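The values are calculated or read from the model by the stated rules, or taken from the named source; none is laboratory data. Quick caveat: nothing in here was measured; it's all calculated off a predicted structure. Cβ placement follows ideal geometry from the backbone for every residue including glycine, while neighbour counts extend to all protein chains displayed.
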Amino acid sequence: MDRATVEQVWEWLDAVPDPEIPVISVVDLGIVRDVTWEGDTLKVAVTPTYSGCPATSVIAMDIETALRDHGIDKIKLETRISPAWTTDWLSDKGRAKLKDYGIAPPQPAGGPDRCPHCGSTAVEKVSQFGSTPCKAHWRCTDCLEPFDYFKCI
Amino acid sequence: MTRDEAFLQFLLRMGDNTLILGHRVSEWCGHAPVLEEDIALANTALDLIGQTQMWLGLAGEVQGEGKSADDLAFLRDAWDFRNVLLVEVPNGDFGRTLMRQFLFDAWHSIMLGRLMKSSDDRVAAIAEKASKEVAYHLERSSDTVVGLGDGTEESHRRMQEALDYLWPYVGEMFASDEVDAEMAAAGIAPDPASLREEYDALVQRVLTEATLTIPDSRFAHKGGRDGRMHTEHLGHLLTQMQWLQRAYPGATW
């Protein structure tokens, strides 16, 4: 069997959902840094979002499972911490999906620009931390709905 | 002391600081005054434990005895730990926990900023990763210290008491010994004493805004970062943190 092209592998990885925010893929999240063939071994470099994020090991397992399902059996996963992950690496597709899911995408200004539910700009911070290390807790003072904000780092 | 021996000590100091503080902060899980604070403390603890994995992972590598970060975290005894005493003191009330966090975060953020320029690429990479998280910790602990210090009469009193209690533990973060001299000579890490001026300026600015008064004395409790003498609290902490791996060696789930 011919080995899959690197482009094909990226496509497969783009179908692996983030375990905590399943509407976006691990590729959307920007944590897959590199895909290369080294002989008959496929090397995938993954970077953690936050150094203590408990999803990291699940993500590595999900990536490996997905690639095995596509018939690749020699896989080497490498954890790459430098350059450090930044929310700049979130794809545009990922940002749009986050918003549709009710999570305000990261903004360079340091807070959400509008409520992901009603679009109002009247928002306030509830807590600097949220349900996962990558999110903060905000609320809309117009529609009164609480929402997660994807922290910009 | 060879360079590798000094390097190992330096890495244990970094990793033990984040490990012990991470464990202390995690003790709040399920006990914080409000849900948001509970989540914030748990997230902070998680970041610190994540950083520990990187520091102690590298320590194990440098040591060259095949030990993992887990081995170093769970199978060493109190006298082998190299954290500063500040991070092992009991949490006290919420105010004292956040004051300790602030006093540590301020040092941590300055230290990591310098380590990003380390001559050792692995150290620089860990520092780059950790510094993003710590900038966030510092923002939060500063805001909380200001909010509580410049808050009600009772919160102000408690924050001043916390500062008075914790201040004698600040000096140890800036103590220098032969390990630090070796690291500075190699360009791996700065001499801790060289961070003091920047630290004092930062801490003074925030505590002034918090309407709190820094105690006059520069007396410093020492003995943690060189392992000479920890407080009696560390052993109690370790019995909690290590019991599972001690009772069931190698247990996994």
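At a glance:
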read-out	value
Residue match in region A:105-116 (condition: among the basic types (Lys, Arg) and touching a residue at least 12 places away in the same chain (Cβ under 8 Å))	no
Among the candidates A:Thr36, A:Thr86, A:Thr5, A:Thr79, residue that is at pLDDT 95 or above and exposed (fewer than 15 other Cβ atoms within 10 Å of the Cβ)	A:Thr36
Members of region A:12-27 found to be farther than 10 Å from A:Ile63 by Cα and either in a helix (DSSP H, G or I) or among the small types (Gly, Ala, Ser) (or both), listed by number	A:Ser25
Evaluation of B:Glu172 against (1) within 30 Å of B:Glu232 (Cα to Cα); (2) of a type in the set (Asp, Glu); (3) without any contact (Cβ under 8 Å) to a residue 40 or more places away in the chain (one fails), failing number	(3)
Residue within region A:107-128 that is part of a loop (DSSP other than H, G, I, E, B), in contact with a Leu (Cβ under 9 Å, 6 or more places away or on another chain) and either closer than 29 Å to A:Val35 by Cα or hydrophobic (A, V, I, L, M, F, W, C) (or both) present	no
Any hit, region B:20-29, residues being in a helix (DSSP H, G or I), under 16 Å from B:Ala130 (Cα atoms) and within 9 Å of another protein chain (Cβ to nearest Cβ)	yes
Evaluation of A:Gly110 against (1) out of contact with any strand residue (DSSP E or B) (no Cβ under 6 Å at 6 or more places or on another chain); (2) more than 14 Å from chain B (Cβ to nearest Cβ) (one fails), failing number	(2)
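Yes or no, residue by residue, for (1) in contact with a Ser or Thr (Cβ under 9 Å, 6 or more places away or on another chain); (2) modelled with pLDDT under 95; (3) within 25 Å of B:Ser217 (Cα to Cα):
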site	(1), (2), (3)
B:Leu103	yes, no, yes
B:Ala106	yes, no, yes
B:Leu115	yes, no, no
B:Thr144	no, no, yes
B:Asp150	yes, no, yes
B:Tyr165	no, no, yes
